[in-house]
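The values are calculated or read from the model by the stated rules, or taken from the named source; none is laboratory data. Because the structure is predicted, anything quoted here is derived from the model rather than measured. Cβ placement follows ideal geometry from the backbone for every residue including glycine, while neighbour counts extend to all protein chains displayed.
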Amino acid sequence: MSKNCVMNTYGRYDVVFEKGMGTKIYDENGKAYLDFVSGVAVNCLGHSHPSIVNALHEQSKKLIHISNYYWNTEHTILAEKLIQHSDHSKVFFCNSGTEAVEGSLKLARKYGKLKNDSKNVILYMNNSFHGRSMGALSVTGQPKYQKDFTPLISGVKSVEFNNIEDLINSFDENVCGVIIEPIQGEGGINVAELDFLQTARNLSDKYDAVLIFDEIQCGIGRLGSLYAYKEFGVVPDVVAMAKALGGGFPIGAFICNERTSKALAQGDHGSTYGGNPLGCAVSNAVLEELIEGGVIDTVAQKNLYITDKLLKLQEQYGVIKEIRGLGLLLGIVVEDAKAFANTCFDKNLLVVTAGPDVVRLLPPLNVSISEIDEALKIIEEVIKVC
C-alpha cells in the first residue's frame, strides 16, 4: 500500500487501522487499541455501533442524496428532534463543523447588515479553534494556524477568553456577533466561566448582536446534555454542531432562534450535501441511542469516576499538574503532552493532545467502567515512566 499519493498535511502515527468494534480499534495486523480519541469526539457510540450500521444499510437501500430542491423524510425528522430538545426554532444542515461555523458567521453578518452597514464586527476568543476555512480561520484565536494564510477576512476582533472587562470594552453597536466555545477543545480544554458567558449574553442583548456557541466538540452529549449550553444555563442565539452529530458519518448543522433565523432568506446560504437522507438517517439513529437509549444520562457518573481516579493519580505521582474539563471532555496537564500521548500509543491506548501540555481524553459516551479502568491503568503506567 502506497502512502505517497496523500498530501502531507497530518502528522500521522505509523499505523493502519482496518476495523473497530465499540471502544476497540484494530490495525492491519489485528493488534487492538483502546480508543480514547473517538475520531476527536466524533464516534460518540464507538466503532461499528449496530444502530449506525443498520441506519446506513437500510437508508442506503432507499435514498442517499436528492439535493435541497426537495424535502426528504429523514431531514425533517432530524430537524424536529434537534429543535425539540433545544431553546431554538430553526436548523440549517451542512456537512462539517467548519461549515456550521461558516453558516453561523454569515447569519451574524446578515443580521447586522439588516440593521445598518457598519454593524459587521464579529468578536472571537483568543486561544479558540473554529475550523480551517478562511472564515472560520479568521475567528480562530491561534496565530500559528493563521500566519501563512493572511490576509484573513476583516471585521473580526479578538477578546481574551474569560476576561469580562475585555469583553465589555470590545462590545459596541457595530458588533453583529460573538462566537464562543463553551469549552475550548483544541485550545487546551479551557472551560468558560459562567459569569463570562452570562456577560456575553447580556451584551448581545444590549447591542442586538448574535451570540454563537461553537459546540462542535463539546456538544451532542459530551458534557451530559444534548447541548453544552444546557450545562451552563446560558442560551445562545445560534449553536454550531457537527462531530458526534453523525457518530462518525459526516454531518453538521446550526440551530438558531426565531429572532435570528429571519436574517437568512432564500438564496443567502446553501449546501449541496447538507441534510442528505443518508446522513440524517444516521444522525437520527445516533440521537435515539443518546437520548431515548439513555447514553447521555450516564455521562455525569462516568465523569465523576474518571475524575476521582485521575485526582488520585495526580496526588500519588505528581506528574499530572491539573485536570480540566467537564463530562467526557477531559484534559490532563502534563510536562510534555506529545511524549505522553506517544507513550500511551506504544501501550495501545489512543489519546490526543491539545497544545504542548494537555492530553485530551475523549472516550465514546457509551464507554464501560471496565474500559475506563483499562485506560487509567495504562495512563498510570505511562506516568511511572515520565
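Which residues, taken from segment 181-222, are among the hydrophobic types (A, V, I, L, M, F, W, C) and in contact with a His (Cβ under 9 Å, 6 or more places away or on another chain)? Write out each step before concluding.
Residues of segment 181-222 among the hydrophobic types (A, V, I, L, M, F, W, C): 183, 189, 191-192, 194, 196-197, 200, 203, 209-213, 216, 218, 220.
Once the filter is applied, which keeps residues that are among the hydrophobic types (A, V, I, L, M, F, W, C) and in contact with a His (Cβ under 9 Å, 6 or more places away or on another chain), segment 181-222 yields only Ile216.
In segment 114-168, the residue that is surrounded by the fewest Cβ atoms within 10 Å (Cβ to Cβ) out of those that are of a type in the set (Phe, Trp, Tyr) and within 17 Å of Leu211 (Cβ to Cβ) is Phe161. All told, Lys377 falls short of being of a type in the set (D, E, K, R), under 23 Å from the mean Cα position of the chain (by Cα), in a helix (DSSP H, G or I) and at pLDDT 95 or above.
Taking Gly279 as the residue in question, decide whether it is surrounded by 14 or more Cβ atoms within 10 Å (Cβ to Cβ) and within 24 Å of Val101 (Cα to Cα). Spelling it out, Gly279 is indeed surrounded by 14 or more Cβ atoms within 10 Å (Cβ to Cβ) and within 24 Å of Val101 (Cα to Cα).
Among all residue pairs at least 6 apart or on different chains, which show Cβ distances below 7 Å where the first residue, located in segment 318-344, is not assigned by TED's automatic domain parsing to the domain that holds Ile189 and the second is part of a helix (DSSP H, G or I) and among the hydroxyl-bearing types (Ser, Thr, Tyr)? From residues that are not assigned by TED's automatic domain parsing to the domain that holds Ile189, the pairs are Ile323/Thr307. If you go through segment 240-255 one residue at a time, do you hit one that is assigned by TED's automatic domain parsing to the domain that holds Tyr111, more than 13 Å from the chain's Cα centre (by Cα), within 30 Å of Glu165 (Cβ to Cβ) and touching a residue at least 24 places away in the same chain (Cβ under 8 Å)? Within segment 240-255 (the criterion being assigned by TED's automatic domain parsing to the domain that holds Tyr111, more than 13 Å from the chain's Cα centre (by Cα), within 30 Å of Glu165 (Cβ to Cβ) and touching a residue at least 24 places away in the same chain (Cβ under 8 Å)), the answer is no, since none of the residues qualifies. Against the list (1) part of a loop (DSSP other than H, G, I, E, B); (2) within 18 Å of the chain's Cα centre (by Cα), the condition Ile320 fails is (2).
What is the residue count in segment 345-372 for residues that are in contact (Cβ under 8 Å) with a residue 12 or more places away in the chain, among the charged types (D, E, K, R) and over 14 Å from Gly331 (Cβ atoms)? Don't jump to the end; show me each part of the working.
Taking segment 345-372 and keeping what is in contact (Cβ under 8 Å) with a residue 12 or more places away in the chain, we get 345, 347-369, 371-372.
Of the ones still in play, those that are also among the charged types (D, E, K, R) are 347, 357, 360, 371.
Narrowing further to those that are over 14 Å from Gly331 (Cβ atoms): 347, 371.
The number of residues fulfilling the criteria is 2.
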